[in-house]
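Below is a structure I'd like to ask you about.
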Amino acid sequence: MPSSWEDSAVLPLRIADYVRDLRALYAKHGLVGAMYGHFGEGCIHSRISFDLRTAVGVRDYRAFMEEAADLVTSYGGTLSGEHGDGQQRAELLERQYGPTLVQATREFKLIWDPDWKMNPGKVVDPYRLDRNLRLGTNYNPPRPEVEFAYSDDGGDFAHAALRCVGVGKCRVPDATQTMCPSYRVTREEKHSTRGRARLLFEMLQGEVVTDGWQSKEVAEALDLCLACKGCTNDCPVNVDIPTYKAEFLHHHYRSLRRWRPRYAYAFGFIDQAARLATRAPELVNLATQTIGVRRLVKLAGGIDRKRRLPRFAPQSLQRWYAERGGTRNPHWPAAALFKDELRGMLPHDDDAARLEQNSYHFAEFFETFDVKVPRLDGEALLWGHCHHRATGGIDPEQKLLERMGVSAEPLSGGCCGLAGSWGFEKGKYDISMQCGEEALLPAVRDADPRKLVVANGFSCKTQIAQARTGRKALHIAEVIALARARGRKGADTKRPETGPG
């Protein structure tokens, strides 16, 4: 692949000439935009930020599109894109195909659609390319007071809702990326990243979605968002649906017209309940695992009846740490808060910035400061939880395991499906499991019993345990502990996580 479009020693001469002329067209109209493509196929994509809010800007947009169409056809190329023609290119197709072929297409459509009911205004007798714009000269949405900073959008929630450009990468049907796990289960547009962003845009417009922050339609679409943060990393324009969801729910439930579901209170105060439970974890576990009490707890907390309640550890990590001379921190937030979310709320706070710079995932800390690790022979499946992938990735985990001597096979695609408390909420068990069955759970079931299953996320570990995989996933710290307790050959046993140690 050539290093740049101007490398004419590698690129076909006519493509190089075309790119030169296209750059000149950019300059003529004073435009700045990205240019990329599939080199071997001679396919060029342009991403340009047009001014579509003023009459002058819309005129310039139309003029550029017409001249670009003439330029493409003069080189024998096609302006009909791989993602369809829509309304941006359809009006220009006659310049490429000629009036005879376009008329033949019109007559063919009339045979099957004489009343012009199927997708009117597209391809045949299309709308003008500067009509029905998403923005236009009348675009002026409300700018409500918001809780997050949206520093990448100039503090403007309306601009954040405009981020989606409709590429549809979130609609990839296979689990090759994290986003969007709920869409891949339901296959409904409203559950895709693009669909949710569009609904928020329509909410601000107030024409189709008319109930603002209290909209039931928007709430329903966001309800199946796992807040996995996959879109913040996988989306080409970094649409951040988890933050938009948090913003929306904050305003949605401030109105007396909307009441939070029971699980919102149960999980919202889980830290307080857990703090009480650590005083007598054995008694709490006995109670929550007893059939009658368990049912009452699930009913009161809005927890899906198919879910098993996790057990409390006999000793909290805080107490364990304090007994060994460490300082006690009364609050232990999952690292994404410091590495990502804190910036969204305190973008100008220097302490927040310093905290972000000094926050590390477990393996990242070991790799950054070159902490010595014990040796361990064996193989492992490595799964990174969604927030981990979105805030740095799992390369440090793989490097740490390999430094120990473990051959690690990284798993990717989709989400475990539990996503914190989301998979415990009433009515979400089946979708939660379907998300996990995309990639993680089948891989764990099919793994050689001698392979370690490494997953740092509590949700991921819980989902693996509750999905009848027959395996227990280990945090990478537990892998280190296993190596220290059993030695280099400590994983050389069937289901090494359950062996003596």
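By the gyration tensor of its Cα atoms, with a ≥ b ≥ c the square roots of the eigenvalues, what is the shape of segment 417-461: rounded for a/c under 1.5, prolate for a/b over b/c, or oblate?
Taking the square roots of the gyration eigenvalues as a ≥ b ≥ c, segment 417-461 is oblate.
Something else about it: With every protein chain left in place and a probe of 1.4 Å, what is the accessible surface of MET35, to the nearest 10 Å²?
Surface open to solvent at MET35 totals about 30 Å².
With a probe of 1.4 Å, find how much accessible area segment 92-189 has per residue, and write the answer as a whole number in Å².
For segment 92-189, the solvent-accessible area averages 59 Å² per residue.
Hey, what do the phi angles of segment 249-254 turn into as Karplus ³J(HN,Hα) couplings, whole Hz, using 6.51/-1.76/1.60 and θ = phi - 60°, x for Gly and Pro?
Per-residue couplings from phi come out as 5, 4, 7, 4, 8, 6 Hz.
Moving on to the next point. Does the chain come out rounded, prolate or oblate, given a ≥ b ≥ c as the square roots of the eigenvalues of its C-alpha gyration tensor, rounded meaning a/c under 1.5 and, failing that, prolate meaning a/b above b/c?
prolate
How would segment 191-283 be classified by its alpha-carbon gyration tensor: rounded, prolate or oblate, with rounded meaning a/c under 1.5 and the a/b versus b/c comparison settling the rest?
Verdict is oblate for segment 191-283.
Hey, another quick one. Between the alpha-carbon centers of segment 264-330 and segment 106-152, tell me the distance in whole angstrom.
Here the two parts' Cα centres lie 51 Å apart.
How many percent of the accessible area of segment 112-214 is carbon or sulfur, using a 1.4 Å probe?
46
Once label points are set 7 Å from the Cα along Cα→Cβ at both ARG62 and HIS251, what is their separation, rounded to one decimal in nm?
With each label placed 7 Å out from Cα toward Cβ, I get 3.4 nm.
Computed on alpha carbon atoms, what radius of gyration and Dmax characterise segment 160-212, expressed in Å?
Expressed in Å, the Cα Rg and Dmax of segment 160-212 come to 11.9, 36.
Which of the GluC sites (Glu not before Pro) across segment 199-281 are loop residues per DSSP, with 15 or fewer other Cβ within 10 Å?
Here the GluC sites (Glu not before Pro) that fit, given the DSSP loop and packing criteria, are GLU207.
Continuing with this model, one more query. Starting from the 7 Å offset along Cα-to-Cβ, what nm value, one decimal, do you get for the label separation of ARG187 and ILE270?
3.2
Same structure again: Which value, in nm² and rounded to one decimal, describes the direction-averaged projected area of the C-alpha convex hull of segment 317-412?
For segment 317-412, averaging the hull's shadow over all directions gives 7.7 nm².
Under a crude label model (7 Å from the Cα following the beta-carbon direction), how far is ASP51 from ASP448 in nanometres?
Reported label-point gap for ASP51 and ASP448 is 6.4 nm.
Peptides 185-194, 142-151, 63-72: what's the order by average Cβ count within 10 Å, highest mean first?
Averaged packing, sorted descending, gives the order 185-194, 63-72, 142-151.
Which order do PHE312, PHE269, PHE424 take by accessible area at a 1.4 Å probe, largest first?
PHE269, PHE312, PHE424
Using a 1.4 angstrom probe on the protein heavy atoms only, could you order LYS229, LYS339 from most to least accessible area?
These residues rank, largest area first, as LYS339, LYS229.
How would you rank 456-465, 251-260, highest first, on the average number of other Cβ atoms within 10 Å across their residues?
Order by mean packing, descending: 456-465, 251-260.
The values are calculated or read from the model by the stated rules, or taken from the named source; none is laboratory data. Note that the coordinates shown come from a computational prediction; the quantities given were computed from them, not determined experimentally. Note that we place each Cβ from the backbone using ideal geometry, even for glycine, and neighbour counts take in every protein chain shown. Calculation scope for accessible area: heavy atoms of the full protein, side chains included, ligands and nucleic acids excluded. Shrake-Rupley method; radii C 1.70, N 1.55, O 1.52, S 1.80 Å.
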